[in-house]
Amino acid sequence: MSWFEPDNIYRPKIAILDRVVDEIAEVKTFFWHFKNPADQEAFRHFRPGQFAQVSIFGTGEFPASLPPSPTETETFFTIRQVGSVTAALHQFKPGAQFGVRGPYGNGFPMESYQGQNLVFVAGGIGLIPLRSGIVYALKNREKYGRIQIFYGSRNPRDLMYLTSLQEWQKADGFECHLTVDRADASWSGNVGVVGGLFKKPGVSIPVENTTAFVCGPPVMFRFVIKDLVAMGFKDHQIVSTLERYMKCGVGKCGHCCIGVAYVCLDGPVFTYEQIQKLGEDI
Amino acid sequence: MRARIVQGEDVLKIVDLLRQDHEVYAPFYGRGRDSYFDVVTDTNRDRIQIHVPNPYYPPKRFLLPHIERLLRIRQEAGDWKLEPEYNQVRRAIFGIRSCDVAGINHLDRYFLGRGFRDIYYEQRRRLLFLVNVVCTDPEADIDKSCYCPCADTGPAARGHFDLQLMDLGGEFMAVAGSEAGEKLFTHPIFKKGTPAHVDRRREILDTIRRQFKATTSWFSAAVRYISQGKVLDKIWEEVGIRCLECGGCTFVCPACTCFTVSDRRLSDVEVERVRIWDACALTGYTRMAGGFNPRKAVHDRRNRRFFRKLAHYFMQRELSMACVGCGRCAAVCHGDVGMPSVVEMIRRTTAAKEPHELVRA
């Protein structure tokens, strides 16, 4: 090894897997910590909405949302098994080592939303990138106005973060509405798409001084945006996180560019106004 | 900048001087009109070409190798050990063309600017010495697809080299572009010049600027149309139809920077993480895990290349254009959708569509 150790943006830090929790089919949550406590301390100050690069040595690297809030003590990723690297991670047992680089990206500007109402709209695993913001808002409840969560999944078995959802439904000053596309015998709640919740009797969504967070599959995204705009939301009041194939996370490899923006540097959080001005379809 | 005069028979002595503490690369002829950069040795030293068609394989590989190891990753008693490897070799490129000097300047701004510094690039760049040779021979130096006067990068680079040589006919004018370059002037082969030499340089440049065959002086129009989103979709579709998706244009481009990262197994307990040149022309470039590909259509990907190079936004971001006018993309493209022809297509078709309203009297 050479005598100097410069700051290397591509070098992951070693992380150790603590425990694995099954969320829904093909999705698991991996609790982990850095091997070196100094790395843990440096990582702690991430912002909700940021992401990290996860390395499975010998298989590859992938970008992953950071679902924990910086106000929580544990660090974890919630990962769906979609490709070769995530499949390798899904085989991991507690004690296994992998690499983490980050945090990267802009994140949600939670400070600038102070005094505003927050509306979180998520579909399926779209709740993962929003979870950090939700927990952060819950912890700093007094800084925000009304907080509403609208969350839908295909069926009751596909609801993410079930224990957190139950907690949020009980939390003071939190309005948490759930729905599923197809109910089964275990489900007594709402049935239908997420947008349907907006029109439910007893639900009123403030438009003035409100920021709406939207995250979910493309179809859901399109319809929810339409509903919000119809309600009177301006494009700059709607924020979302985008995802792209990414190799470096630091604006060098070029893969994540959408029009004029690097998702890794300028995103992954964009307002709907910014998304329309990127110069390329998302 | 300070200048000296070197006699024609002494010019390769600069290579000898540099070889004392550098691995020196210089251009050579292949078996035909092809040319390439190779390490100078005692045996090939006399075959170095001053006037030669610019090699297709761009000198950016000395800063961003085709395949570069980022990390050696070893498993020892259950623990993973990461060992980065940085370049320690002092290199010099003798005979780099002005367009490629501008390309390296662009890479510098891209890899070393904007927040995150790329240490692998930096270690190579720090130890790289550039001897620029100005293209003055209209037969050997200037290819039919060269258009550096339009990209404003040549034929004589205005900076970012350590030493610049220009053939004045029998003797060369040497210009120092850095302290390291100026240090060479202490050697006796560098002699004082006269105002007549400076005049001669100006005359030659004035003549050579007229010798370029492909003049794509429509950059500014293309930049404006692309930045304003005025280019018609059917132009991109036309470009997409003609693109064979080989990725050649990006691999020969001195200003293209994209790479992919891959882990390769070296043994049971050891892997290496490498970065490999990648190209936005290739289908897999934007394909995500799970199969979704936001840029599935060829013309979307072609659009991407020209948008990245010509959109005003990126020039503002990097303060240099990601096209240096070397003409390599035009020379290698089978479908004739290199930069000059696409700029021309954009200009011709978009200008014709610009609305004009008559003012009523």
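The values are calculated or read from the model by the stated rules, or taken from the named source; none is laboratory data. Keep in mind the model is a prediction, meaning the values are calculated, not measured. Glycine gets a Cβ as well: all are built from the backbone with ideal geometry, and neighbour counts include every protein chain shown.
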Before we move on, is B:R210 part of a helix (DSSP H, G or I), more than 30 Å from B:F259 (Cα to Cα), at pLDDT below 90 and more than 14 Å from every other protein chain (Cβ to nearest Cβ)? yes
Working only within the stretch A:85-124, note down all residues that are modelled with pLDDT of 90 or more, within 14 Å of another protein chain (Cβ to nearest Cβ) and part of a helix (DSSP H, G or I). A:V85, A:T86, A:A87, A:A88, A:L89, A:H90
Applying the selection to the stretch B:236-245, what residues are surrounded by fewer than 20 Cβ atoms within 10 Å (Cβ to Cβ) and either among the β-branched types (V, I, T) or modelled with pLDDT under 85 (or both)? B:I241
Output the number of residues of the stretch B:67-113 satisfying the condition of being within 10 Å of the chain's Cα centre (by Cα) and of a type in the set (S, T, N, Q). 2
Take the residues in the stretch A:224-253 that are surrounded by fewer than 16 Cβ atoms within 10 Å (Cβ to Cβ) and within 22 Å of the chain's Cα centre (by Cα); name whichever of them is nearest to A:K143 (Cα to Cα). A:H236
Would you call A:G49 within 12 Å of chain B (Cβ to nearest Cβ) and not basic (K, R)? no
Can you pull out the residues in the stretch B:85-125 that are in a helix (DSSP H, G or I) and out of contact with any helix residue (DSSP H, G or I) (no Cβ under 8 Å at 6 or more places or on another chain)? B:V101, B:N105, B:I119, B:Y120, B:Q123
Out of the stretch B:312-332, which residues are within 25 Å of B:K234 (Cα to Cα) and surrounded by 22 or more Cβ atoms within 10 Å (Cβ to Cβ)? B:A322, B:C323, B:G327, B:C329, B:A330
Within the stretch A:53-73, the residues that are more than 12 Å from A:T29 (Cα to Cα) and either among the acidic types (D, E) or not in a strand (DSSP E or B) (or both) are A:F57, A:G58, A:T59, A:E61, A:S69, A:P70, A:T71, A:E72, A:T73
Could you go through the stretch B:274-285 and let me know if any residue there is within 28 Å of A:D266 (Cβ to Cβ), crowded, with 20+ Cβ neighbours inside 10 Å, modelled with pLDDT of 85 or more and over 20 Å from the mean Cα position of the chain (by Cα). yes
Out of all the residues in the stretch A:5-13, is one or more in contact with a Phe, Trp or Tyr (Cβ under 7 Å, 6 or more places away or on another chain) and within 14 Å of chain B (Cβ to nearest Cβ)? yes
Positions within the stretch B:51-84 being assigned to a loop (DSSP other than H, G, I, E, B) and either at the interface with chain A (Cβ under 8 Å from one of its Cβ atoms) or basic (K, R) (or both), in sequence order: B:G78
State whether one or more residues within the stretch B:223-235 are assigned to a helix (DSSP H, G or I), surrounded by 21 or more Cβ atoms within 10 Å (Cβ to Cβ) and within 14 Å of another protein chain (Cβ to nearest Cβ). yes
Only unsatisfied item for B:C249, checking (1) away from chain A (no Cβ under 14 Å); (2) farther than 21 Å from B:A311 by Cα; (3) of a type outside the set (A, V, I, L, M); (4) buried (at least 21 other Cβ atoms within 10 Å of the Cβ), is (2)
If you check B:L64 against the conditions, is it more than 21 Å from the chain's Cα centre (by Cα), buried (at least 17 other Cβ atoms within 10 Å of the Cβ) and not aromatic (F, W, Y)? no
Yes or no: the stretch A:126-141 includes at least one residue that is under 29 Å from A:F223 (Cβ atoms) and not assigned by TED's automatic domain parsing to the domain that holds A:V207. no
Would the stretch B:318-329 turn up any residue that is more than 11 Å from every other protein chain (Cβ to nearest Cβ) and either over 19 Å from the mean Cα position of the chain (by Cα) or without any contact (Cβ under 8 Å) to a residue 12 or more places away in the chain (or both)? no
Counted residues, the stretch B:263-295 - those being at the interface with chain A (Cβ under 8 Å from one of its Cβ atoms) and assigned to a helix (DSSP H, G or I): 1
Taking the stretch B:117-155 and the residues there that are among the aliphatic types (A, V, I, L, M) and within 21 Å of B:F94 (Cβ to Cβ), the one that is surrounded by the most Cβ atoms within 10 Å (Cβ to Cβ) would be B:V133
Within the stretch B:313-347, count every residue that is in a helix (DSSP H, G or I) and closer than 18 Å to B:H106 by Cβ. 10
Single condition B:F116 does not satisfy, out of (1) more than 20 Å from B:G177 (Cα to Cα); (2) more than 10 Å from every other protein chain (Cβ to nearest Cβ): (2)
Tell me the residue from B:L18, B:L82, B:L107, B:L112 that is closer than 17 Å to A:I9 by Cβ and touching a residue at least 24 places away in the same chain (Cβ under 8 Å), please. B:L107
Can you tell me how many residues in the stretch B:156-205 are in a helix (DSSP H, G or I) and surrounded by 15 or more Cβ atoms within 10 Å (Cβ to Cβ)? 9
